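Chemist: Mind having a look at this structure? Questions to follow.
The values are calculated or read from the model by the stated rules, or taken from the named source; none is laboratory data. Quick caveat, the model's predicted, so the values are computed rather than measured. Cβ atoms come from the backbone with ideal geometry, glycine included; neighbour counts cover every protein chain shown. Only protein heavy atoms, including side chains, enter the accessible area calculation; ligands, DNA and RNA are left aside. Shrake-Rupley method; radii C 1.70, N 1.55, O 1.52, S 1.80 Å.
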Amino acid sequence: MSDRTFDPTTWLDAYRESFASVQKAQEQGFKAVERFARFQYAVAGDYLDAGIAHTQAALAAKTPAELLSKQTELNARLGDKLRTRAQEFATIASEVQGSVTSFATEAANKAAASAKKAA
């Protein structure tokens, strides 16, 4: 016969400790999804602004050469904005990857510690 008895408090504490980091990771995940959504909204706004500017240039242009030069200028501005957005996206992605890695490591460490404590 074993001297060990089932202790629900110990089991629940181990469960809470193990999954606290999972809950934290889930919260960070939702924040990351919101950040990506805001980023995509900003990119869509850049394209909308560029479209409006192209339409205004087409309506205001008196000659095809004037229209062409204005569109070239607008495309260069849009390219600069999108280049900046691409750098921003890379930053967001690397930050999210770092936080996911840290939470996964934390969860694994806590689960291992809880398993050692329970044994």
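Chemist: For segment 93-119, which residues satisfy the criterion of being β-branched (Val, Ile, Thr) and touching a helix residue (DSSP H, G or I) at 6+ places or on another chain (Cβ under 6 Å)?
Modeler: Of segment 93-119, the ones β-branched (Val, Ile, Thr) are 96, 100-101, 105.
Within segment 93-119, just 96 meets the criteria.
Chemist: Turning to a different aspect of this structure: Take the residues of segment 18-54 that are within 22 Å of residue 103 (Cα to Cα) and β-branched (Val, Ile, Thr): which is most open to solvent (accessible area, probe 1.4 Å)?
Modeler: Ranking the candidates gives 33 first.
Chemist: What is the number of the single condition among (1) outside any helix (DSSP H, G or I); (2) surrounded by 13 or more Cβ atoms within 10 Å (Cβ to Cβ); (3) not small (Gly, Ala, Ser) that residue 62 does not meet?
Modeler: Checking residue 62 against (1) outside any helix (DSSP H, G or I); (2) surrounded by 13 or more Cβ atoms within 10 Å (Cβ to Cβ); (3) not small (Gly, Ala, Ser), the one that fails is (2).
Chemist: Report whether or not residue 15 is open to solvent by 100 Å² or more (accessible area, probe 1.4 Å), under 30 Å from residue 108 (Cβ atoms) and either part of a helix (DSSP H, G or I) or not hydrophobic (A, V, I, L, M, F, W, C) (or both). I'd like the intermediate steps shown before the answer.
Modeler: Values: open to solvent by 100 Å² or more (accessible area, probe 1.4 Å): yes; under 30 Å from residue 108 (Cβ atoms): yes; either part of a helix (DSSP H, G or I) or not hydrophobic (A, V, I, L, M, F, W, C) (or both): yes.
Yes: the conditions hold for residue 15.
Chemist: Can I ask one more? Of these, 106, 95, which one is surrounded by 14 or more Cβ atoms within 10 Å (Cβ to Cβ) and acidic (Asp, Glu)? Step through it out loud before you land on a result.
Modeler: Details: 95 fails: surrounded by 14 or more Cβ atoms within 10 Å (Cβ to Cβ).
Within the list 106, 95, the selection yields 106.
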